[in-house]
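To start, the structure under review is shown below, and the notes come after it.
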Amino acid sequence: MSMHVVVAGGGTAGHVEPALALADALRRLDPATEVTALGTAAGLEARLVPARGYPLAEIPRVPLPRRPTLDLLRVPGRLLAAVRQTRAHLDRVEADVVVGFGGYVALPAYLAARRRGTPFVVHEANARAGIANKVGARMTTHVAAAVDGSGLRGAHVLGIPLRQQVSGLDRAARRAEARASFGLAPEGPVLLVTGGSQGARRINAAATGAARDLAAAGVQVLHVAGPAQADAVTADLGSDAPPTHHVLAYVDAMELAYAAADLVLCRAGAMTCAELAAVGLPAVYVPLPIGNGEQALNARPVVDAGGGLLVDDAALDPEWVRHHLVPLLLDPDRLASMGTRAAGLGHRDADLALARMVLEAVTP
């Protein structure tokens, strides 16, 4: 009889993508394995999960306030309802094991699994664990983390499960193909600018403000501005924009963008840091200036190892790009060294490592 795994990771790509990468790895180990993803109708998972060929079992969203507010009083009732619905899904598919990746879908999954007597695994992608995973990790011995120091006691450091298109990427072998696909010249340095799926105004403004300096230095720019900001970025560049500055709203195959680039200017989400380390691509990380500071922590290991640079959001402007990024892009030896150091921290097999942990949870 085939094993049925329920993965719980909803809301953001940082939760959904590792869950789907794990699902793919479990299927590679045993094609008969069945996987159901737990999520909400409004989260990113509602689009990504069906697109990857997995069924989505919906539960209500239960956000956990970071600070004491009146909304905190409503959490117990919402959580109880979500746990009941989750338990019903686990019963329906006859789940053998649950794997949670944090966020507002994971906590109901952990609680429902515990009530049902179903083993479960916790995976923490960020350098600082969130509330759901802190709670879940206290109720299981099967705990994994992307990096050391997550705050989850006894966690096995495995990295973050990544799509095979990324974890198996040979940047050098695909460089020519990747550059041609974006209309880039085959030679010369390429800067990839990306603020994530929605873009980042500070990063976009710094890159567009220094566009002519980058072009004058012979640097091509692949600027993934985000769907909501692409038109504004194009307008800011003006009608006389350098022909070497390529603006895109979104890129589905980010592995091709990685293969085309020599350096990345980006945020420091856990998935971004993990992917860039895995493919050995140096980056200038600009942590999101809100939240609990986890993005700076995500980037810190690779920066400390010499595989990237860290710059505060408030410090990033066109002048910073001119004085720091341009010289770096014109130094291929330094870029190569940084790429090697970044790759030293990469985890290309985290998906299979976590899949094996899941199998151990089912058959200890």
*Per q in 0.10, 0.17, 0.19, 0.20 1/Å, what log10 I(q)/I(0) does a Debye calculation on the alpha-carbon atoms of the stretch 110-251 return?*
-0.56, -0.93, -1.03, -1.08
_Skipping prolines and chain starts, which residues have an amide H placed within reach, meaning under 5 Å, of the one on I59, given they are 5 or more residues away or on another chain?_
G39, T40, A41
*Can you pull the Kirkwood radius for the stretch 195-339, inverse mean 1/r over Cα pairs, to one decimal in Å?*
15.3
*asked:* Applying a 10 Å radius around every beta-carbon, put 104-113, 124-133, 237-246 in order of their mean neighbour count, most first.
replied: 104-113, 124-133, 237-246
*Short version: ³J(HN,Hα) in whole Hz for each residue of the stretch 344-359, in order, from phi by Karplus 6.51 cos²θ - 1.76 cosθ + 1.60 (θ = phi - 60°), x for Gly and Pro, what are they?*
x, 9, x, 10, 7, 10, 4, 5, 6, 4, 5, 4, 5, 5, 4, 5
*Where does each of 162-168, 96-102 land if you order them by average Cβ count within 10 Å, highest first?*
96-102, 162-168
_Estimated Rh, the stretch 259-364: Kirkwood, alpha-carbon pairs, angstrom_ = 14.8
*In Å and whole numbers, how far do the C-alpha atoms of the stretch 124-166 stretch along each principal axis, longest first?*
34, 18, 16
*asked:* Based only on Cα atoms, what mean projected area does the convex hull of the chain have, in nm²?
replied: 18.0
*Using only Cα atoms, what is the ratio of the radius of gyration of the stretch 85-151 to 2.2 N^0.38 Å?*
1.07
*Amide H neighbours of V99 under 5 Å, at least 5 residues apart or on other chains, H built in the peptide plane: list them.*
V6, V7, A8, V121
*asked:* How large a share of the accessible area of the chain, in percent, is made up of carbon and sulfur atoms when the probe is 1.4 Å and the other protein chains stay in place?
replied: 53
*Give the long-range amide H neighbours of V284: residues separated by 5 or more places, or on another chain, with amide H under 5 Å away, using H modelled in the peptide plane at 1.01 Å from N.*
V264, L265, C266, L309
*Output the direction-averaged projected area (hull surface divided by four) of the convex hull of the alpha-carbon atoms of the stretch 311-364, in nm².*
6.2
*Please turn the phi angles of the stretch 91-102 into ³J(HN,Hα) values with the Karplus equation 6.51 cos²θ - 1.76 cosθ + 1.60 (θ = phi - 60°), one per residue in order, whole Hz, x for glycine and proline.*
5, 4, 8, 6, 4, 9, 7, 10, 10, x, 10, x
*At 0.36 nm per residue, minus the direct Cα-Cα distance, what do H324 and D170 gain on full extension? Give it in nm, one decimal, please.*
52.7 nm
*Residue-normalised accessible area of the stretch 87-215, given per residue in Å² at a 1.4 Å probe*: 42
*Using the alpha-carbon centroid of each, what span in Å lies between the stretch 300-360 and the stretch 206-272?*
18
_Protection-proxy order for peptides 248-254, 205-211, 271-277, each taking the mean of Cβ atoms within 10 Å per residue, highest first_ = 271-277, 205-211, 248-254
*Counting each DSSP H run of 4 or more residues in the chain as -39500 (n - 2.57), what helix-only mean residue ellipticity at 222 nm follows after dividing by all residues, to the nearest 500 deg cm²/dmol?*
-12500 deg cm²/dmol
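The values are calculated or read from the model by the stated rules, or taken from the named source; none is laboratory data. Since the model is a prediction, treat every value here as computed from it, not as a measurement. Neighbour counts run over all protein chains shown; Cβ positions are idealised from the backbone, glycine included. Keep in mind that these areas ignore ligands, DNA and RNA; they rest on the heavy atoms of the full protein, side chains included. Shrake-Rupley method; radii C 1.70, N 1.55, O 1.52, S 1.80 Å.
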